[in-house]
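Just below is one structure, and these are the notes that go with it.
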């Protein structure tokens, strides 16, 4: 049985250009833009933004960090864990 075609004269409904599959808005590195590339292990509110609720370090693809800042964030989180400022395990 042939597929149904759209009614003549009626255009297809498509998602807007920016919402099509595989095309998302590029994420911006928060540390480079707002914190001048400086990450401190004592800044817990900043570090918690890059951790999941289970206390795992979120990936750069999720957070939008550039590779250099992602390394700084990971080292700062690990240092804060050593100093017992952040938990190793989540709730």
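Once both labels are modelled 7 Å past Cα along the beta-carbon direction, what's the residue 54-residue 40 spacing in nm? About 3.2 nm, to one decimal. The overall shape of region 19-91 is oblate: from the C-alpha gyration tensor, with semi-axes ordered a ≥ b ≥ c, the ratio a/c is 1.5 or greater and a/b is no larger than b/c.
When peptides 41-54, 67-80, 24-37 are sorted by average Cβ neighbour count within 10 Å, with the highest value leading, the order is 67-80, 41-54, 24-37.
Read-outs throughout are calculated quantities, based only on the coordinates presented, and are distinct from any laboratory measurement. No experiment lies behind these values; they were computed from the predicted model shown. Neighbour counts run over all protein chains shown; Cβ positions are idealised from the backbone, glycine included.
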